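Okay, so here's the structure we're looking at.
The values are calculated or read from the model by the stated rules, or taken from the named source; none is laboratory data. Owing to the predicted nature of the structure, the values given are computational and were not obtained by experimental measurement. Just the protein is used for accessible areas: all its heavy atoms, side chains included, with ligands, DNA and RNA removed. Shrake-Rupley method; radii C 1.70, N 1.55, O 1.52, S 1.80 Å.
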Amino acid sequence: MFRAVPELANTWEPHASINVFNASRAKHILQDTVYTATAVRAAPKLPSSVHLLTTATKKITSVPVRWQSLPAGATDTPGEVTVNGMTEVGQVTAVIDVVPGRGKHDELDSTTS
């Protein structure tokens, strides 16, 4: 954990890894990814805020998110879409599963069986 300081007798300093550990203690932990789903050609409902843990107080609060616009045609076909957002403490990512909606054939199948 410590190493001798060259040219200074009886003097020790922490290894660099200890300094990195001490300097990296997080003050906040942000919910940086949210997951949601939407039907094809429907606008996803993204949260207006995400959770933020303040480590000193162990208190969870909500912070507002400003989402980027969804790319044109992003929900036109089934698949996965990623949208970035920003909070006062950092970036957030939304992962959106675009799934087929219920069509007429589904409604017919459910009423005839």
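Brief remarks on what is shown
- Of all residues making up the range 89-106, the number that are among the charged types (D, E, K, R) and at pLDDT 95 or above: 1
- Enumerated strands (runs of 3 or more DSSP E) restricted to the range 19-91, each holding at least 1 residues that are closer than 24 Å to Gly101 by Cα: 33-39, 79-86
- Criterion violated by Ile60 - all others in (1) at pLDDT 90 or above; (2) open to solvent by less than 70 Å² (accessible area, probe 1.4 Å); (3) among the β-branched types (Val, Ile, Thr) satisfied: (2)
Let's see how each residue does on (1) at pLDDT 75 or above; (2) on the phi > 0 side of the Ramachandran plot:
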position: Pro6; (1), (2): yes, no
position: Pro14; (1), (2): no, no
position: Asn22; (1), (2): no, no
position: Ile29; (1), (2): yes, no
position: Val34; (1), (2): yes, no
position: Arg41; (1), (2): yes, yes
position: His51; (1), (2): yes, no
position: Thr54; (1), (2): yes, no
